[in-house]
Amino acid sequence: METITLTESLVRLIDQRKLPAELTYLECEHYREVAQAIKDMAVRGAPAIGVAAAFGLVQAVRQAVQRELPEAELVRCFQEAADTLAATRPTAVNLFWAIERMTAKLRSVRGKGGDRILKALEAEARSIQAEDVAMNRRIGEYGARLIKDGWGVLTHCNAGALATAGYGTALGVIRAAHESGKSIHVYVDETRPLLQGARLTAWEMVQEGIPATLITDNMAGHFMQRGKINFVVVGADRIAANGDVANKIGTYTVAVLAREHGIPFYVAAPSSTVDLKLKTGADIPIEERSPSEVTAWGGKAVAPEGIAVANPAFDVTPARLVTGIITDRGIIYPPYDVNLARAFGAAKEA
Ligand code: MRU
């Protein structure tokens, strides 16, 4: 299953808003449609929106080449697309990382003419996609070793194939443990308000035949107390230099519960999620989404009109609650400030 594909004229995305009822694809003909798809969460998940943005940039440049615009104009089109795509969702750093990588590639091929620039950007975007799958496979390998046969594993939101270019991060760990023959049982938090757990993670588990139980978010403590959960693994949207982790709203609550019950709490994320420019999680911008996501479901009101609503899409789990961060470069343990800089410092700056 490919979450996102780039064809000669289209960026083709699984429309995640329609799952699990239908597996349909959204075909974007213009980078503005890609930006809208990211905003509306037709495509979502930190690495997936990075790949979608990279493909949107290729589309912008391809259209400039087709219009035979001079190179300076082509660069202007690229910049306009980059600004539009960057303004969609603020929290996941993978989006900005992918745009920066594409911008650096453009800089390196300027002066070579439209066709060469387009070729180079398309190759770069396809590498971003392929590298993401490869990183997820490595995350899976490292993470699966932490999980013992017979364990119950809880996850929050969807950090699966759908949220990435393929295989998934937190679900990559779960997939790899299952593929290695371990008998595990996954507890899937439904993940209010948009139900990424119920709609997407549960769907991926059913597709793959991985034994799983869907629970509402407020049941996690109960199952931990009853000894059903031995391990927690979640994804991340941004990891600050000190190891604080932004992820889907409710992740912090799960981390606190895990600490209370002495359950290991791991975060699985690729290099593209680490943001050493931010010292702590307090610096991570948290997206506030529409109140209607909380007050209605499926077009039906579930709250009275006139009620004030808060809808932060993410929260920050302090580093002290994180047992370890499973990355494509191995598992990072505290002290995170030292160990994240050691693993990602030089490469990030290169
Ligand atoms: O708002 P979403 O659905 O884009 O949030 C997704 C998450 O919080 C994921 O856990 C995170 O992006 C990691 S995906 C590998």
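Derivation of every value follows stated rules applied to the coordinates shown; laboratory data play no part. This is a predicted model, so every value here is computed, not measured. Every residue, glycine among them, receives a Cβ derived from its backbone with ideal geometry; neighbour counts consider all protein chains shown.
Laid out as a table, the results:
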read-out: Label-point gap, in nm, between residue 83 and residue 228 - each point 7 angstrom along Cα→Cβ; value: 5.1
read-out: Most to least packed among 68-74, 227-233 [average Cβ atoms within 10 Å]; value: 227-233, 68-74
read-out: Alpha carbon centroid spacing (whole Å) that separates the range 35-59 from the range 100-161; value: 13
read-out: Entries in 112/277; 105/277; 248/277; 18/39 that, when Cα-Cα distance is taken, lie over 26 Å; value: 112/277
read-out: Residue 110 versus residue 337: modelled label distance in nm, points set 7 Å from Cα along the beta carbon direction; value: 3.7
read-out: Simple Cβ-charge dipole of the chain, Lys/Arg +1 and Asp/Glu -1, about Cα centre, in debye nearest 20; value: 660
read-out: Charge dipole magnitude, Cβ of K and R +1, D and E -1 - the range 141-343, Cα centre, debye nearest 20; value: 400
read-out: Proximal aspartates and glutamates relative to residue 182, as straight alpha-carbon distance under 19 Å, when same-chain residues fewer than 8 apart are discounted; value: 141, 149, 204, 208
read-out: Computed label-point distance, nm, for sites residue 282 and residue 9 using a 7 Å Cα→Cβ extension; value: 5.3
read-out: Order of 29, 204 under a 10 Å beta carbon neighbour criterion, fewest first; value: 29, 204
read-out: Sequence ranges 39-50, 252-263, 82-93, ranked by mean other-Cβ count within 10 angstrom, highest first; value: 39-50, 82-93, 252-263
